[in-house]
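Inspection log for the structure reproduced underneath, given as structure tokens.
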Amino acid sequence: MHKRVLSKFAAGAVIILLAAGLAIGQAGRGVARMGGDVVDKDGKPIPGAKVTIVFDQPAGSTFETTTNKKGEWVFMGLGTGNWFVTAAAKGYLPVTVNAYVRQLEKNPKVTVKLVEKAAGSGVVQDEATFQTLEEGNAFFKDGKYDTALTMYDEFLAKNPGAYQVLLNIGDCYREKGEYDKAIEKYRQLVEQAAGDLAMGKNLGAKGLAAIGLCFMKQGKLAEAQDYFKKSIEMAPQDENLPYNVAEIYFSSQNIDEAIRYFEMAIQIKPDWPDPYYRVALGYLNKGDNAKAAENLEKFIKLEPETERTAQAKAILEAIKK
């Protein structure tokens, strides 16, 4: 195939693949099964715990259930990809873990261990107000940021120890373009996370990355990169942090930085297909077909039968001609 023709094909393929990835993210549905249990610090089952899973893509699907008498839970009909699993129970701090789901293989059991509540950070005092929080999330998804802010502020007023909602509040201000207010809320989150032994590092790292995004949206690239670096240093084993930073750079057409952070995510979790897929798109954009092909092959090996795989195989075939 002539190089110019291949270049045009690759450019078009990037658009197709990006669209396919978005469609999968919106659905998050398939034929996979994921199950596990919720236990206390001693490994004893916690019956009646609320388990929520969220597909890790924009507008990703959300499912909820409760554990049975043995503390067990299960979900069916899931799509391939990364899912956030959150478990919450009365008298315990909520905990979120990441789980990667594959459709054509048996997925390993996911165990979520909860820690009993103690005086201090992260405590929800009025559990009845969770409905207010959920309403705020719904308004945020609909782009009604002022209404979402009202809901979040009401929730925080009744649960001053549940500092996690500061991330939601900051996100509202960021989407409204009020970056100084957003950064103020994210800084408050980071400060309070420092005293939270259960979830502090993960939440603090998210706050730092959110500050970086605000600076990036203002064109302050040096400041943004500094906060992205601090975020990853705070939680170096969380592959989602560099992956999300890479997506930010990718959407801003800073392909070199996107590739660097996608490859960082690969180093942390080499059996995760998504960064291979995305870094291949990055190399296609740069015209480096050899490295694009190398990463597509690794992606196909890790995710052999999905909609994205069919697209990846088509691109790989064209590259090798």
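Only the coordinates and a few stated rules stand behind these numbers; no lab work does. What you see is a predicted model, and the numbers here were worked out from it, not measured in a lab. All Cβ positions, even for glycine, are placed from backbone atoms using ideal geometry, and neighbour counts span all protein chains on display.
For Lys321 and Gln131, calculate 0.36 nm times their separation in residues minus their Cα-Cα distance, and state this gained length in nm to one decimal.
Result: 62.8 nm gained on full extension.
Taking the 0 to 90 degree range and rounding to the nearest ten, how far is the long axis of helix 3-27 tilted relative to the main principal axis of the chain, both from C-alpha atoms?
Here the helix axis deviates by roughly 20 degrees.
Looking at Leu93, Gly207, Gln267, which one has the Cα that reaches farthest to the positive end of the dipole of the chain (charges on Cβ: Lys, Arg +1; Asp, Glu -1)?
Farthest along the dipole direction, towards plus: Gln267.
Round to the nearest 10 and give me the degree value, 0 to 90, for the angle of helix 145-158's Cα axis relative to the longest principal axis of the chain.
So the inclination is approximately 40 degrees.
Kindly provide the helix-only [θ] at 222 nm of the chain, computed as the sum of -39,500 (n - 2.57) over DSSP H runs of four or more divided by all residues, to the nearest 500 deg cm²/dmol?
Per the formula, -18000 deg cm²/dmol.
Between Gln253 and Phe84, what is the label-point separation in nm under the 7 Å Cα-to-beta-carbon projection?
3.0
Efficiency by 1/(1 + (r/R0)^6): what FRET value for Thr147 and Ala290, r their Cβ-Cβ distance, R0 = 51 Å, to the nearest 0.05?
With R0 = 51 Å, the Cβ-Cβ based efficiency is 0.50.
Arranged by the count of other C-beta atoms within 10 angstrom, fewest first, what order do Ser61, Ser231, Ser251 take?
Ser251, Ser61, Ser231
Once R0 is set to 56 Å, what does the formula 1/(1 + (r/R0)^6) return for the Cβ-Cβ distance between Glu305 and Gln218, expressed as a FRET efficiency to the nearest 0.05?
Step by step, r from the Cβ atoms, then E = 0.85.
Treating the beta-carbon of each Lys and Arg as +1 and of each Asp and Glu as -1, no other charges, what is the dipole magnitude of region 137-291 about its Cα centre, to the nearest 20 debye?
The dipole magnitude comes to about 80 debye.
Which one, Gly48, Val110, Tyr276, projects farthest toward the positive side of the charge dipole computed for the chain from Cβ point charges (K/R +1, D/E -1)?
In the chain, that residue is Tyr276.
Over 30 Å between Cα atoms, which of Lys229/Lys313; Lys229/Lys291; Lys109/Lys176 qualify?
Among Lys229/Lys313; Lys229/Lys291; Lys109/Lys176, the Cα-Cα distance tops 30 Å for Lys229/Lys313; Lys109/Lys176.
Multiplying the sequence separation of Lys106 and Glu64 by 0.36 nm and subtracting their Cα-Cα distance, what value in nm do you get?
13.0 nm
State the Kirkwood hydrodynamic radius of region 154-261 in Å, one decimal place, computed from all pairs of distinct Cα atoms.
14.0
Using the Cα atoms as the points, what is the convex hull volume per residue of the chain in Å³?
That works out to 128 Å³ per residue.
Could you sort out which of Lys41/Lys298; Lys230/Lys321; Lys181/Lys201; Lys106/Lys141; Lys181/Lys269 sit more than 31 Å apart by Cα distance in this structure?
Over 31 Å Cα-Cα: Lys41/Lys298; Lys230/Lys321; Lys106/Lys141; Lys181/Lys269.
Explain nothing, just the number: dipole magnitude of the chain about its Cα centre with +1 on each Lys and Arg Cβ and -1 on each Asp and Glu Cβ, in debye rounded to the nearest 20.
Using only the charged Cβ atoms, the result is roughly 920 debye.
Report D for region 29-117 in µm² per second (integer): Stokes-Einstein, Kirkwood Rh on Cα pairs, 4 °C, 1.567 mPa s.
For the chosen part, D equals 100 µm²/s.
Hey, what do the phi angles of region 228-238 turn into as Karplus ³J(HN,Hα) couplings, whole Hz, using 6.51/-1.76/1.60 and θ = phi - 60°, x for Gly and Pro?
4, 5, 4, 4, 5, 5, 6, 10, x, 9, 8
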